[in-house]
Each structure stands twice: as C-alpha cells, then as structure tokens.
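Here is the structure we will look at.
The values are calculated or read from the model by the stated rules, or taken from the named source; none is laboratory data. The shown structure was predicted, so the numbers you read here are calculated from the model rather than taken from an experiment. Please note: Cβ atoms are built from the backbone with ideal geometry, for glycine as well, and neighbour counts cover all protein chains shown.
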Amino acid sequence: MSSNPSLGREDVPERSNRLGLDGLEFIEYTTSQPQALGQVLEKLGFRPVARHRSREVLLYRQGSMNLVVNASADAGETPVISAVALRVRDALQAYQRCLDLGAWSVPSHAQAMELHIPAIHGPGGSRFYFVDRWKEFSIYDIDFTPIPSVDPHPPALAGMGYFGVVQYIGYQRSTDWITYFERMFDFRLLPDEERFGILPKGKLMRSPCGGFLWQLIEPDPGMYADLDSDPRPECLQRIGLGTPDVGQAVRLLKEQGVEFVESSRMHPDDRGALTRNALGTVAFELVHRDSGRS
C-alpha cells in the first residue's frame, strides 16, 4: 500500500458518501488448501473463531479485522482474495444504487435461516458484498457457529487493523477503474505525492468514510513485449494492514515465523514492510498508521 494517512473522521473533509460506507466488514479468501492458508493467517495473528453453519467456511479474527476462508474444491491451488464486504448504511439500498449505475448482480445462494447478503461483481472473479448489520448484532451471529473454548475477539497484534486493498489492473486501465470507484462508491483519488508505506507505485484512492484506502497498480510496461496479452489478470492482490508501530509488528511477526521481503531496494522500515508471498499468492503489507486512528 503505497507516510501517514489521516484516516480519522475529524480529518476527512465533507464529501459525498451516498452508500453510507463505514469501513470494511470482512475480506474473503477462496482456496482449495484451507488448512495451509489457516497456518499462514495464524502466524499473522489471526485466530479461527467460528464456522459457517452450512458451508466449508471459517471465520478468522484479530482485533477489528474479520477474515473469511472459503474452502472450495473448485478453487485453484493458490488462494485468491475472492470478496470484500463493505459496511454500508442500508445494504439493499446500496446494492440497488450500484445496479442502477451499471454494476452486475451476483446471485445469492443463502439457505434456510441464513442471511441474504447482496453482492455485485468486482475485478476478476471477485465480488463486493454490502453489509448493514454490525452494530446491534452481526452477520456472524446468524450464519456462523462459534468454535467452543476459543476467544471470539482475539486482540490485534501490535494494534493492527485493515488499512486497505491492493488491486492489480490492466495496462492503461487506471482511468477506467478510478472512474468506477468514484462513481460507484464515492472514493476520492489522492495526489501522487501523498503516499503510504514502502511501495510507491500505482494510484491511491480513499474511501468516502476515510476508513481505508484502495490502490490500483498497472503492469510495468517493461515486463511484457505485448501488454495486450498480460498473463496477470485483473484481481484483488493483497491486503494492507495498518499499525502504529511497524517495527514492533515486524519483530512480533518474525517471532511467529513470518518472513519479509528484504533487498537493496526494499526492506522493512518505520513506514512499512511487505511479507514474502506464502502459498504463491498470499502477501500482506504493513503500513504506519497513527495510534488512535480507525
């Protein structure tokens, strides 16, 4: 996630937030190797806290972060970020507004006694969910069964919380995706000089609630002879984790076996750090965030 974001609401100027966006509810991985991915997540401080009532889905949590692992035999060998759930004021209203703006609907497969969570198609095969139940009770109270004798709210390691999502896009597709996020979700493009972490590539957008960032990264023109046949599809690539003390987070994660990218061009510092890819695709970016910011 490409120092320091003013993500507190008192610092966010008045602007349109027609969906009533209020942060990230959960991020979902789909994989045919749920146990291997679970081991990676536990090294990062996530803990399994609940199982879905009817599907092979496990809920991991630490602090304010919810992360869902969807076990699918049809998935590829490497895990993918398959969904991002957005907290909104009214889920059905948000969903309908996006459809009116041209979004594609995702059919619901909710079974008896399960919540219908509306969704639209995202980049690649991913989806965006809309969730409006997190205050008085949450979606997990209905769709998930707690794992016995497990702390349902494990504390966050080094104060970590969701900072944002990195999306890989096609060559010269930045304008298209910037327009999409501006029009669909009221995101705001940040100036190029406003950067976060240690990876200064791509375009950065801030959510209208000020709670998280979205980074769009095009392929390097020098990587492929024919950019029209870029073998890397558009996708949700990795998750950014904010922490008030990157150094402490890196030390604690290294003690748990997490490896970081360290080279002459990039290494962990006070601004940020990048974990080495696990299972071929799973990487997390640590980014400095002021203590007390949401």
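Quick rundown of the values:
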item	result
Scan of the range 200-215 for residues that are within 13 Å of Asp186 (Cα to Cα) and not in a loop (DSSP other than H, G, I, E, B), ordered by number	Met205, Arg206, Leu213, Trp214
Search result, residues across the range 155-194 that are under 18 Å from the mean Cα position of the chain (by Cα) and assigned to a loop (DSSP other than H, G, I, E, B)	Ala156, Met160, Ile169, Asp186, Phe187
Residues of the range 1-31 satisfying the condition of being modelled with pLDDT of 95 or more and out of contact with any strand residue (DSSP E or B) (no Cβ under 7 Å at 6 or more places or on another chain)	Asn17, Arg18, Leu19, Gly20
Some residue of the range 71-82 being β-branched (Val, Ile, Thr), farther than 19 Å from Gln167 by Cβ and surrounded by 21 or more Cβ atoms within 10 Å (Cβ to Cβ)	no
Test: residue in the range 41-57 that is under 18 Å from Ile27 (Cβ atoms), polar (S, T, N, Q) and part of a loop (DSSP other than H, G, I, E, B)	no
Any hit, the range 142-150, residues being touching a helix residue (DSSP H, G or I) at 6+ places or on another chain (Cβ under 8 Å), outside any strand (DSSP E or B), of a type outside the set (Gly, Ala, Ser) and at pLDDT 95 or above	no
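Residues are listed down the side, and each one gets a yes or a no for (1) of a type in the set (A, V, I, L, M, F, W, C); (2) touching an Asp or Glu at 6+ places or on another chain (Cβ under 6 Å); (3) farther than 23 Å from Lys43 by Cα:
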residue	(1), (2), (3)
Leu59	yes, no, no
Asp74	no, no, yes
Thr78	no, no, no
Leu92	yes, no, yes
Cys98	yes, no, yes
Ala103	yes, no, yes
Val106	yes, no, yes
